[in-house]
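Have a look at the structure below before the remarks.
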Amino acid sequence: MLKENFNELQIFLVVARERSFTKAAGKLGVSQSALSHAMKALEERLNIRLLTRTTRSVAPTEAGERIIACLEPRIDELEQELESLIQQNGTPSGNIRLSAGEHAARSLVWPKLKPFLRKYPEISVELVVDNGFVDIVEGRFDAGIRLGENVDKDMVAVRIGPDMRMAVVGAPAYFAANPAPETPHELQNHRCINIRLPTAGGLYHWEFEREGKALRVKVDGQLTCSPLPERIDAALSGFGIACVPEDMVQEYITSGKLIQVLQEWCPTFPGYYLYYPSRKQHPPAFALLIDALRYTE
């Protein structure tokens, strides 16, 4: 009975995490009917209802949540211990899930991830790009990558990039027709390329600082565009002024394809950090990835 319960409890965990029999079946490589039968058998044997089912979703009951809270860390601990034992006898292996914003993924993570994956072919990495604030525990990520100012204090944080600076830029043709702003407030008289915040849903107010004075400016324009490459291309094409990470447009500034303004209002700030829960144990493969991403001056 213990073996049957354990197997079916593992199935229950996957269904509860995915909140869908269809997604869970795909992940486990079995049919939906087999999953449904296994869950029904488990609930009948335990005489406890573990899942609330609707036509559109599946969610754990209160009893199911209690079992998840008890079982999940033990399953994770067992998997990590098995990975450690395997790696003691051979090549490092394991699966690592990372959540990162678009700029961090493009400029820092992927360039370092390519040689890492070639060096450790038995380690699999899932990189999920999301510019919103992600709960890495709820999302079952091993780690997240965000700006240092956005990392919770109860997380272990490892610096993976240098200090950053934003750049306010526009095409020469745009500034030929529109005098360059001399203060952030003058941006309100310009066409600016807006950014919609993925978490809150509102438009991003551009942030500036000078001599200790912080300033947030609401801008307007014809185009609202969140993806970074398209914002840069829009600025290059003369659709307005963009506020983007300086490192992503430095080559265009140097070549004269973009003109940078308001530099004195754009100080440097702490860059990206990899962070993870302090209480969570990680396999050796995770430590190898941290070393590969760690920032060294």
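A quick yes/no check of all residues on (1) surrounded by fewer than 18 Cβ atoms within 10 Å (Cβ to Cβ); (2) without any contact (Cβ under 8 Å) to a residue 24 or more places away in the chain:
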position: H103; (1), (2): no, no
position: K112; (1), (2): yes, no
position: E122; (1), (2): yes, no
position: V125; (1), (2): yes, no
position: I136; (1), (2): no, no
position: R146; (1), (2): no, no
position: K153; (1), (2): yes, yes
position: M166; (1), (2): no, no
position: G170; (1), (2): no, no
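Residues in the stretch 204-242 that are surrounded by 14 or more Cβ atoms within 10 Å (Cβ to Cβ) and among the polar types (S, T, N, Q) were compared, and the one that is farthest from N178 (Cα to Cα) is S226.
Answer yes if at least one residue in the stretch 27-48 is in contact (Cβ under 8 Å) with a residue 12 or more places away in the chain and either touching a Gly at 6+ places or on another chain (Cβ under 7 Å) or not assigned by TED's automatic domain parsing to the domain that holds E79 (or both), and no otherwise. Within the stretch 27-48 (the criterion being in contact (Cβ under 8 Å) with a residue 12 or more places away in the chain and either touching a Gly at 6+ places or on another chain (Cβ under 7 Å) or not assigned by TED's automatic domain parsing to the domain that holds E79 (or both)), the answer is no, since none of the residues qualifies.
Filtering the stretch 178-203 to residues that are aliphatic (A, V, I, L, M) and either surrounded by 20 or more Cβ atoms within 10 Å (Cβ to Cβ) or farther than 24 Å from P229 by Cα (or both) leaves L187, I193, I195.
Considering the stretch 1-28 alone, what residues qualify as being farther than 19 Å from P60 by Cβ and modelled with pLDDT under 80? The answer is M1, L2, K3, E4. If we scan the stretch 150-168, do we find a residue that is in contact with a helix residue (DSSP H, G or I) (Cβ under 6 Å, 6 or more places away or on another chain), modelled with pLDDT of 95 or more and part of a strand (DSSP E or B)? The answer is yes, given that some residue of the stretch 150-168 is in contact with a helix residue (DSSP H, G or I) (Cβ under 6 Å, 6 or more places away or on another chain), modelled with pLDDT of 95 or more and part of a strand (DSSP E or B).
Among residues of the stretch 212-237 that are touching a residue at least 40 places away in the same chain (Cβ under 8 Å), those with a Cβ under 9 angstrom from a residue that is acidic (D, E) and assigned to a strand (DSSP E or B), sequence gap 6+ or separate chain, pair up as L215/E207; L215/E209. Find all pairs meeting these conditions: Cβ atoms under 8 angstrom apart; at least six residues apart or on different chains; first residue within the stretch 181-193 and touching a residue at least 60 places away in the same chain (Cβ under 8 Å); second residue exposed (fewer than 13 other Cβ atoms within 10 Å of the Cβ). Pairs found: P181/N189. Listed by position, the strands (runs of 3 or more DSSP E) contained in the stretch 206-297 that have at least 2 residues being modelled with pLDDT under 95 are 206-210, 213-217, 272-277.
Count of the stretch 151-181 residues, restricted to those that are of a type outside the set (D, E, K, R), in contact with a Gly (Cβ under 9 Å, 6 or more places away or on another chain) and under 22 Å from E297 (Cβ atoms), is 6. Reported count of residues in the stretch 155-164, each being aliphatic (A, V, I, L, M) and either within 24 Å of L215 (Cβ to Cβ) or without any contact (Cβ under 8 Å) to a residue 12 or more places away in the chain (or both), is 1.
I'm trying to understand the selection: among the residues of the stretch 190-202, which are at pLDDT 90 or above and under 20 Å from F133 (Cα atoms)? Of everything in the stretch 190-202, those that are at pLDDT 90 or above and under 20 Å from F133 (Cα atoms) turn out to be N194, I195. Within the stretch 180-212, restricting attention to residues that are charged (D, E, K, R) and within 16 Å of Q263 (Cβ to Cβ), the residue that is nearest to the chain's Cα centre (by Cα) is E207.
Are any of the residues in the stretch 237-247 at positive phi and not aliphatic (A, V, I, L, M)? If you could, list the steps in order and put the result at the bottom.
Step one: list which residues in the stretch 237-247 are at positive phi, which gives 238, 240.
Filter again for not aliphatic (A, V, I, L, M), leaving 238, 240.
Yes, the stretch 237-247 contains a residue that is at positive phi and not aliphatic (A, V, I, L, M).
For the condition farther than 30 Å from D247 by Cα and assigned to a helix (DSSP H, G or I), R74 qualifies.
The values are calculated or read from the model by the stated rules, or taken from the named source; none is laboratory data. Keep in mind it's a predicted model, so treat the numbers as computed, not measured. Cβ coordinates were reconstructed from backbone atoms using ideal geometry, including for glycine residues, and neighbour counts include every protein chain displayed.
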